[in-house]
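The values are calculated or read from the model by the stated rules, or taken from the named source; none is laboratory data. Small disclaimer: the values here were computed from a predicted structure and weren't measured. Cβ placement follows ideal geometry from the backbone for every residue including glycine, while neighbour counts extend to all protein chains displayed.
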Amino acid sequence: MQVIDLYTIRLTVNGVAVERSIEPRMLLSDFLRHELNLTGTHVGCEHGSCGACTILMDGAAVRACIMFAVQADGHALTTVEGLSADPDKLHPLQAAFRETHALQCGYCTPGFLMTLVPFLEENPQPDEAAIRDVLSGNICRCTGYQNIVDAVLLAARK
Amino acid sequence: MATRYFGQPIKRNEDPRLLTGQALFTDDVHLPGMLHVAFYRSPYAHARIKSIDTSAAAAMPGVVAIYTATDLGDYWQPGPLLVPPPPVKDIVFNPRMQVPLARDKVRFVGEPVAVVVAASRYQAEDAAEQIFMDVELLPAIVDLEAALAPDAARVHDDLDANVNAHVIQRKGDYEQAAAQADVVIRRKLHYDRGTAAAMENRGIVVDWDARNQQMTVWDTTQAPIPIRNGLAAMLGLSEKQVRVIAPFIGGGFGPKIMMFYQEEVLLPWIAMRLNRPVKWIEDRQENFYATTQERGQVHWAEMALTRDGKILGVKDVFLHDAGAYAPYGLTVALNSQCTLLGQYDVANYTSEFTSVFTNKPIVTPYRGAGRQHGVFVMERLLDIAAKELGIDKVEIRTRNFIAPEKFPYTNEIIYQDFAPLTYDSGNYLPAMQKAVALIDYARFIAEEQPRLRAEGKHVGLGIVTYVEGTGIGPYEGAKVTVEASGRVSVATGIGTQGQGHFTSFAQIVADQLGVAPENVRLVTGDTSEFYWGAGTFASRGAVVAGNAINAAALAVRKKILKKASDELEVDEADLELVDGTVSVVGSPQTAIKLGDLAVRANPMRGAVKPGTEPGLEATDYFGPERGATASGVHAMIVEVDPETLLVAIKRYVVVHDCGRVINPMILEGQIHGGVAQGIGNAFYEQLAFDENGQLLNASFMDYLLPTSDTVPRIETDHVETPSPLNPLGIKGAGEAGAIPVGPLFAQAIEDALHGVELEILEIPLSPSRLYELVQAAKAS
Ligand code: FES
Ligand code: FES
């Protein structure tokens, strides 16, 4: 039987230090979801084209399904649970999504939120065209995007 | 009932959990000792299986078991026929249903052949790659017309042709009408396949607890109760031993209600056999083959009209692509047949279809469920007739509308609920007038378009109508309970996939019981909470379950009034329910909290009086006598780039009539999402099969879904014609947005490219296909 070497990685996830030994081929999305039980990060395509698995690595949006967990060694990650994991205390962007009905099934939502966090930091007052541009890499099959755009406009106003 | 919440844009109860990553989806279920499943699927569209070699796979690390069809013994059975054929004279019907694992033959690329169980998903997939199948290749049946050639290979060897069904339905006498017509329009039209592409793929987790003899199934299904009933029967268990949970589901749109997917049959069997929890999660590529699809049809249609544009009759002959198996009966083709006449008063109609087996994935309803095709045919014929007769396109439509006094209006032919197709209610002219006003039709035609054309811009306007049969039976039920805390729990059997049921249903209960919607907790999609029901499909959740919940809440309201009138010694008529209490009108000091009343209704001492029940709880059901017909108008202005043939949507207007509206915010969301899927269907999404039945674009890199830069803002307005068929007066709204977008694109693009003699008779389009059509039109 072939033996696969395990690698030990150390990283921070939502501000908490994590150390795990894993197979080098384990996807970062699987690592977050199944090793750390952070199931808010969703997987829609596993080939980098829907954006559902978007998380932050050192503050920048990345797609966890096309990275290996070992590549996150030494980095700081933030998942949707890192925005707020408490349904009673929503992050302002999460609250704006609720306000404008920017989610239906909610499956794509964590990816949209995590795409938008760094975008809004860099563009605190974006116009609709800029918002539609940054969102064009994330797929939502339920909402038709309009209410997501409105959520971003609302969050930027606040 | 006071309607404080009904009709209000209440923010959704389910959102906080979804927004914080705390909502449970099927793939989030993780059980100790759980094994993972992967499938070996056929790489061929049509082949006879000579042998399957699993020995190399079995030796792979982590592999626990591998099964092929022969391992299943008597458990190997074709799936059930979900919908029997309609009672139509001279019908031909050859049902052939999917099998758990292919045995003698494979019939589409992606059909499951072997199943691997391993310690991890990675290991299961590694092993599946080491399975080898030796086959004799057979010609793949891909094209619908070629499928019916006398010498065509047969998808099912025991049939003498690739015919799943043949149905003719008639209203009046088309031939006679055509003989009297001033003009008859004849065209051949195509509608090709797409996929629902819910963002969450399918999945199933099964836990068999041998000691308790209890099975728990988490399944991405739209119909948990029928899944429980079917699984229990297949496995020889009592329905009480099987609990099916459809947790949060990442979009359904129809294909998540196929009974039974092969994986749904196999995983419970594997869990029992291995006595271990098992999990299978579909990946995106699998979803493109293994999940059902919809849309492929070819129509030969004709419309007979008078000189002034009055429709005398319509005749339509079409082929419907059933795929390799047809578990859903004739639902999709019947919808096409029965939706075609739309909002128009047509006395004579002949419709004939042949449902054809092909070597392609199975076809079952996907949002719109065949209605698109009918609407496409009718609206295109009207456009062509309008051009030929020199009548304005709005005018030709309004001249043929069913007049409001003609409702209920019957089209005589048999609908998918097996009753004669009858529209319960409708009022079409006001919606058209609103749409015309909103898009500023007259000014666009008279001023805007000529001005922009003079600037060299290619702008066009489309405007089309549709109806949607919604809210069909059989029934749904609900149990409403006032808990000691004062909170109200509601259980119903349907599943939910993002439609906002946690909120809209709470609004109905909140109004009946005088509580706040956030204090109403809905449990849905868990068979341990509610025993009876059918599922979420055909835009029926709000109509059927909504009315069941209303009935149960009303019964609880009566119990509250009765109990409180005993306690307070006043007449029931003098009581009111407000802010979670019941009190004598005008005497707030008499208020009893509903939670306290619930405790008093369930006493620890004394006796519950004969004829009464403990607690404040009631169960009730609702079954509509037939479906409620929603309707609407879509209008759009586009600009076409004559070089690239990219289409930019400048404005998009929807005027919709779905009866009374529970939550306008949620309704608008349904419309937005439907339109976005309609846009994809019309201009971006097409499943490309080659002549061998291989799907060439099975990824989101190659199958284009609409994105935020291609879906415009959607402007909406409403007309409210309440349905007389249910106490709440509601009609379904889930599919409407997606239905008329194909003909809308065709009409608007033709208008934008005026000067080119272009007739668009196919959907989906794409810039490159449009380029070919324009070149061909210019050449002829
Ligand atoms: S799941 Fe990662 S981009 Fe789709
Ligand atoms: S809300 Fe369902 S995919 Fe976006």
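One table, with the values for the structure above:
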read-out	value
Odd one out for residue B:392, checked against (1) touching a residue at least 24 places away in the same chain (Cβ under 8 Å); (2) closer than 26 Å to residue B:181 by Cβ; (3) among the charged types (D, E, K, R)	(1)
Identity of the residue in region A:91-104, of a type outside the set (A, V, I, L, M), within 28 Å of residue B:197 (Cβ to Cβ) and part of a helix (DSSP H, G or I), that ends up nearest to ligand 2 (Cβ to nearest atom)	A:97
Verdict on residue A:80 being crowded, with 24+ Cβ neighbours inside 10 Å and within 16 Å of ligand 1 (Cβ to nearest atom)	yes
Failed item in (1) in contact with a Ser or Thr (Cβ under 9 Å, 6 or more places away or on another chain); (2) within 7 Å of chain B (Cβ to nearest Cβ), with residue A:150 passing the rest	(2)
Hits in region B:640-675 - residues which are aliphatic (A, V, I, L, M) and either free of Cβ contacts under 8 Å to residues at least 60 places away in the same chain or in a loop (DSSP other than H, G, I, E, B) (or both)	B:645, B:646, B:648, B:661, B:662
Any hit, region A:107-117, residues being within 17 Å of residue B:711 (Cα to Cα) and either within 7 Å of chain B (Cβ to nearest Cβ) or basic (Lys, Arg) (or both)	yes
Residue count for region A:76-94, restricted to those that are farther than 20 Å from residue A:43 by Cβ and in contact (Cβ under 8 Å) with a residue 24 or more places away in the chain	3
Residue in region A:118-134 that is at pLDDT 95 or above, more than 14 Å from ligand 1 (Cβ to nearest atom) and facing chain B (nearest Cβ under 7 Å) present	yes
Selection within region A:105-153 - aromatic (Phe, Trp, Tyr) and in a loop (DSSP other than H, G, I, E, B)	A:107, A:145
Number of the condition not met by residue B:736 [criteria: (1) in contact with a strand residue (DSSP E or B) (Cβ under 6 Å, 6 or more places away or on another chain); (2) away from chain A (no Cβ under 14 Å); (3) modelled with pLDDT under 95]	(2)
Filter result for residue A:103 (of a type in the set (A, V, I, L, M), within 9 Å of chain B (Cβ to nearest Cβ) and without any contact (Cβ under 8 Å) to a residue 12 or more places away in the chain)	no
Conditions (1) of a type outside the set (Gly, Ala, Ser); (2) out of contact with any strand residue (DSSP E or B) (no Cβ under 7 Å at 6 or more places or on another chain); (3) not assigned by TED's automatic domain parsing to the domain that holds residue B:673; number of the one not met by residue B:448	(3)
Positions within region A:41-61 being more than 14 Å from residue A:116 (Cα to Cα) and crowded, with 20+ Cβ neighbours inside 10 Å, in sequence order	A:41, A:42, A:43, A:44, A:45, A:46, A:49, A:50
Region A:6-23 - residue that is within 13 Å of chain B (Cβ to nearest Cβ) and in a strand (DSSP E or B) and, of those, surrounded by the fewest Cβ atoms within 10 Å (Cβ to Cβ)	A:22
Pair list, Cβ under 7 Å, 6 or more apart: region B:176-205 residue more than 30 Å from residue B:30 (Cβ to Cβ) and more than 14 Å from chain A (Cβ to nearest Cβ), other residue outside any strand (DSSP E or B) and of a type in the set (Asp, Glu)	B:183/B:388; B:185/B:388
Flag if residue B:464 is away from ligand 2 (no atom under 16 Å from the Cβ), at pLDDT 95 or above and within 30 Å of residue A:140 (Cβ to Cβ)	yes
Residue count for region B:337-385, restricted to those that are aromatic (Phe, Trp, Tyr), under 30 Å from residue B:251 (Cα atoms) and either modelled with pLDDT of 95 or more or not in a loop (DSSP other than H, G, I, E, B) (or both)	2
Residue match in region B:317-324 (condition: part of a loop (DSSP other than H, G, I, E, B) and surrounded by 24 or more Cβ atoms within 10 Å (Cβ to Cβ))	yes
Some residue of region B:375-384 being under 26 Å from the mean Cα position of the chain (by Cα) and surrounded by fewer than 24 Cβ atoms within 10 Å (Cβ to Cβ)	no
Checking residue B:437 against (1) more than 30 Å from residue B:159 (Cβ to Cβ); (2) in contact (Cβ under 8 Å) with a residue 12 or more places away in the chain; (3) part of a helix (DSSP H, G or I), the condition it does not meet	(2)
Lone qualifier among B:71, B:28, B:126, B:90 - being out of contact with any helix residue (DSSP H, G or I) (no Cβ under 6 Å at 6 or more places or on another chain), more than 14 Å from chain A (Cβ to nearest Cβ) and modelled with pLDDT of 95 or more	B:71
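For (1) free of Cβ contacts under 8 Å to residues at least 24 places away in the same chain; (2) surrounded by fewer than 18 Cβ atoms within 10 Å (Cβ to Cβ); (3) in contact with a Lys or Arg (Cβ under 9 Å, 6 or more places away or on another chain); (4) in the same structural domain as residue B:522 (by TED's automatic domain parsing), each residue gets a yes or a no:
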{"position": "B:209", "(1), (2), (3), (4)": "yes, yes, no, no"}
{"position": "B:212", "(1), (2), (3), (4)": "yes, yes, no, no"}
{"position": "B:226", "(1), (2), (3), (4)": "no, no, no, no"}
{"position": "B:233", "(1), (2), (3), (4)": "yes, yes, no, no"}
{"position": "B:244", "(1), (2), (3), (4)": "no, no, yes, no"}
{"position": "B:250", "(1), (2), (3), (4)": "no, no, yes, no"}
{"position": "B:253", "(1), (2), (3), (4)": "no, no, yes, no"}
